Amino acid sequence: MTAAPSSDVASAWAMLRNRGFVAVMGYRIFAILSYQIVAVTVGWHVYKITGNPFSLGLIGLAEVLPYFCVAPFAGYLVDHLPRRKLGMLACAGLLLTAGLLVVIASDRLPWHGVWPIYAAIALTGVVRSFLSPIYNALFARVLPREQFARGASLGSVVFQGGMVLGPALGGALVGWAGTTVAYATAAGFALLAMLALALLRVSEPPPASQRAPIFGSIVEGIQFVFGNQIMLAAMTLDMFSVLLGGAVSMLPAFIHDILHYGPEGLGILRAAPALGSVLVGLWLARHPLQKNAGRTLLLAVAGFGLCTIAFGLSRHFWLSAVILLAYGACDGVSMVVRSTILQLVTPDEMRGRVSSINGIFIGSSNELGAFYDGTMARLIGLVPAVVVGGLVTLGVVGITSVKAPALRRLDLRDLQ
């Protein structure tokens, strides 16, 4: 029994000696850094121009609409085309978006105001629809199945590490060097993500002898997800919690109007949730969740809702940062459990389509949540909007625990 902890650490380090796994993690963190630097910079850029919380919500809407339109087809392409090359093309799209924002921030366009920024963010939505499906598909090719749970924890650490460094670096760059330099730095990270995939050596699944019709193939992925109660419940729970209980999209307004800090403070608060997730991910990499994983997931999302309420009521900067740290820790548990379920349940030939559906449930809920928060802030006020979202999240947890008993009783060992 005493040897178990060292065995856990040895297993984690063994995965980090896997060159394919490291290359996939490199792709993930560099792409996230590029995306997050753009996200924090755009938020500050737009709010500085408009001074209106509703304009922050429109950022999310500008990204999620093209994301919704492209995501199902992105999943189909990931399942039918070489995944590594498709990932490099997606990274080129990130590079192009950041380059366009450099031109906009440099005031080199004949158009002014926020609409050119929204147009660039719309392109980001198209590109982002490919990022997670490609990651999930490549992840399953570089690790054996028995390492998926531990790999998902390390993947969460990498993801949330990017979520810590990206906003902090973006806020610092905006405060010290301006938006143009911040966008240019994001372009550099997009180039590094492309390089990581160029160096990746991984076996691709053999092409299907007969390619299914595109719409029939997409429907097949949807039917698979909706036919699995555990996967569907986990996705739905996370979607509604992020949609209704997210507070991150309103941080520029909180910083400016309530906490009275500059862009450096925005970077700290944007990074705090991710830091909490990193700490949880490191713990779970050494102590992977198995027994009572479903119950733990429900409790984590309930904690997420409570932290949302507490953040909305806080009036002190560092207290808000601590609350967001706990908020991120709860979100980190949810992310690891959901990612492990996704990897264990999904057949390899459907990973792109299922991951895209997961992205529509989860990834798009961040942007829809931003639009919801901006709209609610305009209708009932900034603080009430966030508090109400946290209360509704608690209600969603209660409903899910009753309606999805398979998730509530989930033991991950039953899926392996």
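The values are calculated or read from the model by the stated rules, or taken from the named source; none is laboratory data. Just so we're clear, the structure is a prediction, and the values are computed from it rather than from any experiment. Heads up, the Cβs are rebuilt from the backbone with ideal geometry, glycines too, and the neighbour counts pull from every protein chain shown. Just the protein is used for accessible areas: all its heavy atoms, side chains included, with ligands, DNA and RNA removed. Shrake-Rupley method; radii C 1.70, N 1.55, O 1.52, S 1.80 Å.
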| request: Would you be so kind as to identify which of L131, F68, V142 lies farthest towards the positive end of the dipole of the chain, taking Lys and Arg as +1 and Asp and Glu as -1 on Cβ and the Cα centre as origin? | output: V142
| task | Please arrange V242, V402, V392 by accessible surface area, largest first, computed with a 1.4 Å probe and ligands excluded. | result | V402, V392, V242
| message | To make sure I understand the rule: partners must be aspartates and glutamates, Cα under 15 Å from the Cα of K85, and not fewer than 8 residues away in the same chain. Which ones qualify? | response | E204
| field | Protein accessible area in the range 228-415, 1.4 Å probe - carbon and sulfur % | value | 68
| Relative contact order of the range 14-200: what whole-number percent is it, with Cα pairs under 8 angstrom and at least 6 residues apart? | 49
| said: Test of understanding: what is the full-extension gain from D411 to F226, defined as 0.36 nm times their sequence separation minus their Cα-Cα distance? | reply: 64.6 nm
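In percent, what relative contact order does the chain have, based on Cα pairs under 8 Å that are 6 or more apart in sequence?
Details: 724 pairs, mean separation 121.1, N = 416.
Result for the chain is 29 percent.
Starting with the highest mean, order 139-148, 41-50, 307-316, 272-281 by the number of other Cβ atoms within 10 Å, averaged over the residues of each peptide.
Values: 139-148: 17.8, 41-50: 22.1, 307-316: 20.2, 272-281: 25.1.
Peptide ranking by packing, descending: 272-281, 41-50, 307-316, 139-148.
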| request: Would you work out the charge dipole size for the range 228-415 about its Cα centre, treating the Cβ of every Lys and Arg as +1 and the Cβ of every Asp and Glu as -1, and quote it to the nearest 20 debye? | output: 440
| task | Apply 1/(1 + (r/R0)^6) to the Cβ-Cβ distance of R17 and I214, taking R0 = 35 Å, and write down the FRET efficiency to the nearest 0.05. | result | 0.35
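Going by average Cβ neighbours within 10 Å, how do the peptides 161-167, 61-67 rank, with the highest at the top? Display every interim value, and only then the final one.
Numbers: 161-167: 24.7, 61-67: 22.6.
So the order, starting with the most tightly packed, is 161-167, 61-67.
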| Cβ-defined net charge surrounding W115, 15 Å radius [Lys, Arg +1; Asp, Glu -1] | -2
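Rounded, prolate or oblate: which fits the range 124-279, taking a ≥ b ≥ c as square roots of the Cα gyration tensor eigenvalues, rounded meaning a/c under 1.5, else prolate when a/b beats b/c?
On the way: a/c = 2.10, a/b = 1.59, b/c = 1.32.
In terms of gyration-tensor shape, prolate.
From the Cα gyration tensor of the range 70-183, with a ≥ b ≥ c the square roots of its eigenvalues, which class applies: rounded if a/c is under 1.5, or else prolate if a/b is larger than b/c, or else oblate?
Note, shape of the range 70-183 comes out oblate.
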| Extension gain from L199 to D257, taking 0.36 nm per residue of separation minus the Cα-Cα distance | 16.3 nm
| task | Could you give the DSSP H helices of the chain that reach 20 angstrom or more along their long axis (alpha carbon positions) and whose average Kyte-Doolittle hydropathy is no lower than 0.0? | result | 19-50, 53-80, 83-105, 115-142, 148-176, 179-199, 229-245, 263-286, 293-313, 317-345, 363-380, 382-403
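Keeping every protein chain present and rolling a 1.4 Å probe, give me the accessible area per residue for the chain in Å².
Numbers: 16870 Å² over 416 residues.
Per-residue value: 41 Å².
Subtract the Cα-Cα distance of R295 and V181 from 0.36 nm times their separation in residues, and report this length gain in nm to one decimal.
Residue separation times 0.36 nm, minus the Cα-Cα distance, leaves 36.6 nm.
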| field | Cα gyration tensor category, rounded, prolate or oblate, for the range 25-76 with a/c compared to 1.5 | value | oblate
| field | Solvent-accessible area of L195 with every protein chain in place, 1.4 Å probe, in Å² to the nearest 10 | value | 90
| said: At 7 Å along Cα-to-Cβ for each site, give me the label-to-label distance between T375 and R315 in nm. | reply: 3.1
